[in-house]
Every structure is written in C-alpha cells, then in structure tokens.
1. Out of the range B:88-117, which residues are part of a loop (DSSP other than H, G, I, E, B) and either closer than 28 Å to A:Pro246 by Cα or open to solvent by less than 40 Å² (accessible area, probe 1.4 Å) (or both)?
2. Examine the range A:228-238 for a residue that is buried (at least 17 other Cβ atoms within 10 Å of the Cβ), at pLDDT below 95 and under 19 Å from the mean Cα position of the chain (by Cα), and state whether such a residue exists.
3. If I go through the range A:134-176 residue by residue, how many of them are outside any helix (DSSP H, G or I) and closer than 14 Å to B:Thr110 by Cβ?
4. Could you list, in sequence order, the residues of the range B:101-120 that are within 11 Å of chain A (Cβ to nearest Cβ) and more than 25 Å from B:His26 (Cα to Cα)?
5. Go through the range B:32-54 residue by residue and tally those that are within 27 Å of B:Phe140 (Cα to Cα) and within 14 Å of chain A (Cβ to nearest Cβ).
6. List the pairs whose first member sits in the range A:153-166 and is under 15 Å from B:Leu75 (Cα atoms), whose second member is in a loop (DSSP other than H, G, I, E, B), and whose Cβ atoms are under 6 Å apart, counting only residues at least 6 apart or on separate chains?
7. Just checking, how many residues over the range A:204-227 are of a type in the set (Gly, Ala, Ser), open to solvent by 20 Å² or more (accessible area, probe 1.4 Å) and within 30 Å of A:Ile169 (Cβ to Cβ)?
8. Being more than 19 Å from the chain's Cα centre (by Cα), more than 14 Å from chain B (Cβ to nearest Cβ) and either crowded, with 18+ Cβ neighbours inside 10 Å or modelled with pLDDT under 95 (or both): is that true of A:Leu187 here?
Amino acid sequence: MSDIKDRVAIVGLGTTEYSRNSGRTSASLVLEACIAAIRDAGIERDEIDGLCGSNRVIPAHQVQGALGIPACTWWANPTVPFQHQLIEAMNAVHAGSAQTVLVYHGNYRATGVSRSAIADPFRERAGPGFNVLASDPDTFASPVGYAPWAGRYLEQFGVGREVFGKVAINSRSNAIANEHAAMRKPLTMEDYLSARMVREPLTAFDMDYPVDGADAFIVTSTERALDLPHVPVLIHAAVMGQTDLPYEDQVTDLGHTGQQIVAREMWRRSDVRRDDIDVFFPYDGFTIICVRWFEALGFCGDGEADALFDDSWDAATNRLLLGGRVPVNTHGGSLSDGGVQGSNHFREAVDQLRGTAGARQVAGARHALVAPGGMFFNSGGVMLRSDG
Amino acid sequence: MSEAATDDEVLAAYPNTRIDQDNVEHYRGRLERRLLVNRCAECRLWHQPPRAVCPRCWSSDVRATEVSGRGTVALHTVLHLAAPSAGVAGGGGYPLAAVDLVEQDGLRFTAPIVDMPEPRIGDDVELTWITRDGSPVPAFRPAGAA
C-alpha cells in the first residue's frame, strides 16, 4: 500500500455554539454540526459512505438515521479523546473502506463532571456521562491521575504552580479573542494562584471547562478534495502513543508515557519539522498534559517549560508566541473555548490552515501540530498542512 | 484464624468497588488486614492492578501474595472534591498516595495516607489499616510510626 502521508484530507467543517446550558440534547448539537460540515464541504448526503464518532456521544447508526444518509459501507465508534475518530477515518479512506467519512464529536455538560448540572432535570436523567470519578476514592484511575503527576512534576523539577497558570492564562487570553469560546472572563496569575484546590495541586483553572457543544468534519481522499470548494487540509502524519504501563499509578515516570511514543514517531514520520510549525495545539484538558506536550515534543527540555513560557510570553496579547511567532491553542483550548475532548483543537487547526480563522488568523499558516489526548493511555499527535 | 470470607461477604464489605474474579482475593485479604498483590508463581513478577495473566511470561498462575507494606511515596495528592463515597466525608481533604513497594522496582500501590501532613516524594512509609464504612482499608503512614 502506498504511503498514507498527505493522502487524506479534511474538506468540511461544522461546529455549534459552545455553552453551559444549550437547553438541547447532545445528539441535537452533534446533528447540527454534522449538517454544517456536510454543507461546508459542498457535498450531498448520499456521497457520505462512512461515519465515525463515539458511542459515548451518539452511535453511528443514530447519526445515519437522523440525517437520512442512504448507504454506508464503513463506520466506527472509537472511544474518546477525539483524535481516535479522525485517525480511524483517515485509515478507512486510505484503505478504501469508505470514500467520504462524516466524523463527529460532541460533549454534554454531564452531572459526573459538573456539580451544578444536577439542578437540570434533563441532565440528571441523562446520567453522569463519561470521564467520571470512580466511586472508590482510593484510586488514581480516572481523571484523578493528573493531579498527583502534576504534583510530581512540580516536586521533581522544583518549579512553582505558575507553570500551570501560564497555560491557563494563555488559553484564556486566546479565548477572549474568540467569540466562539464559552469562557472569556479575564484571568490573572493572582486569580490562578488564589483559586481553591480541587485535587492538589490542581484547581478548576487547571481542568477543562465543561460545555455543551459539538464539532464535525468531512474526511476524504486528497485526490477527491481537489474537486471540492475549500483549501484541503491534509493529514500529513498521525500517531497514537501508548506504553506497557498504561495505568495512572503505575506509569514509570514522566519520561515514560504515551507522549514520548508520539514524539518519537511524529518526528520519524513527519517531513514537517518543529521549526516549520505555524500554530501549535497541545491538548489542555489538564494543564499538566499541556506543559508536558511542550517538553515531550522537544520545544524545550524536561522541566524547562516554565522558562520557555517566560521567554515566549507576548506581553501585548498576554499569551504565548513561541519564537516570537507561533501562537498556542488560538481558540482558547479545552480550558476556555470549552472541554470537548479535543475536537475543537482540530476545528481551530483546520480554520487556521484554511485561512478562515478571522481575527485569530495566523498570517500564512501552513503547518499545524495537534497533540491531543492525555499521558497515560491515549496520547496522540496529528500534523496537518495546507498549501493555501 | 477464622475461615476465609466468602465471595458474598467480600462483595458486601466493599459495596463501592468493582470487585470481580481477578481482584477478589485482594479484597478477601483486606478483611484479614493482609495487603495482597498479584505475583506470578512461575517468573515471580509482581504486578498491579490485579490481572489474570502475568504481563511478562503470560502464565495464568498468578497468586495474590502478601507484601510487607513498606515503601516510599511516589505520587501524592489531596482530594477536595472527590466523588461521593460511603464513609468519606464530602468536601474534606482526602490525602492519597501511590507508594513504590520494596518488593519490586516500580510496583506501586495506591491508598490513603495518614499522619503525613506534608508528604514528599521519597518519604519512607509503612502499612497501616483504617476502617471505613465498617470495613478495613489499607493505608500508609510514616515509617517507624508504630
């Protein structure tokens, strides 16, 4: 089989409002994003022959039924985070299992991650959702695992919590410039440092902001993309990374996680190098994940992110500009655009590479690196490019 | 010693935990205040969390085996907004640590910590037992506290 590099493209994009209270079902939001993506791609529904989402959001057959898509020959419902859906679709198109895949994701502010959600009777009936904490408190399994590793990071490298605060402020500053973002209240380091602890050393500012919202993408061959209206965004290299100790409390150390597997493979597979990147999307569902993406991918050494952030801080916009040039999570990330397990990082990357990011547009952006997922068992990396 | 607890007794003693055939021996051990960790009877490798097969030699002769409970702190946190659990006060700080057990490099067990207001990575700890909702729960305290 021929090399998959640059052979599959994202040709359609759809999103919905991100909000705390949509007053709608998650399925309704996903369908809105799907319809928008199909129209954006300039295709008819009967051209879609593949579907890829997550059973935890809405199963593929329900999307097909609700949208009246007549015939599909391939579908998959991998688990979150979102890079799995896009990478599976890429593989399916390249293998010929499907020609045009509708890829979708959505999040619903469920009672398991948002205590205030219990006041809404529809949310209460919908149940706790996913990524919930275990009922047994004596475990680091579940999202709890990021807190002790954040603490180990601070202790091991002897840095202060400000390193995490800078990630939160960067995301917030970018969100303030993005009307789509759900959380746009200014955030200062004083605000960050004085917030109450949720799971030490992490506060609510270190954790994604739960929203109702959805994103959708149309994925097809690059060959076919050339006949469609938008500048195609090519999937240049895509990697999943996981180790043989994929348990939150058994991971050997911060230098032996899925992130290192991703970095090794990304720089082996990609012709686009670190210095070629125009906009960077390290997943920020927890600030510690984001900090470690900079280090694992080699933007700086282990434990050096705080110094990198200081060297890269753009005082005028109160955010990161790597090398004085490359912004990070221009949409506001999971922390401020909204927590949707990473689909919004890809949405913003596509907008940037199409040149349709509005006031947030990075001039001449051609290369975007998305580093989604977490550290323990679902790390990922996707290099996207366009030729404008 | 009295007879070992039945499966039904173990399930009843830990109602909030997903107990199955792969980890029930560990929880049976808790009722006798013995900390049991899975060890391969063929290649002698310990592993956590409990699984039915040794990850190194793939033997299924894996036995829940008592550990000393001595080790050093590898990871720690305090949960302030933990999920509601029977026997745990809501909202209060709940200190939790993963301890590198002396039995094998990198073998960790996660449990509450007691009498450690400012834990540090590398602190020497030993096993103790607390009671929660009427059942024994393993915990760690500073070494030599007894």
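The values are calculated or read from the model by the stated rules, or taken from the named source; none is laboratory data. Quick caveat: nothing in here was measured; it's all calculated off a predicted structure. Cβ atoms come from the backbone with ideal geometry, glycine included; neighbour counts cover every protein chain shown. The accessibility values were calculated without ligands, DNA or RNA, using every heavy atom of the protein model including side chains. Shrake-Rupley method; radii C 1.70, N 1.55, O 1.52, S 1.80 Å.
1. B:Val88, B:Gly92, B:Gly93, B:Val102, B:Glu103, B:Gln104, B:Asp105, B:Gly106, B:Leu107, B:Val114, B:Met116, listed by residue number.
2. Checking the range A:228-238: not a single residue is buried (at least 17 other Cβ atoms within 10 Å of the Cβ), at pLDDT below 95 and under 19 Å from the mean Cα position of the chain (by Cα).
3. Result for the range A:134-176: 8.
4. Answer for the range B:101-120, where residues must be within 11 Å of chain A (Cβ to nearest Cβ) and more than 25 Å from B:His26 (Cα to Cα): B:Pro119, B:Arg120.
5. Residues meeting the conditions: 11.
6. Once the first residue is under 15 Å from B:Leu75 (Cα atoms) and sits in the range A:153-166, its partners that are in a loop (DSSP other than H, G, I, E, B) give A:Glu155/B:Ile121; A:Phe157/A:Gly303.
7. Residues that pass the stated criteria total 1.
8. Answer is yes for this residue.
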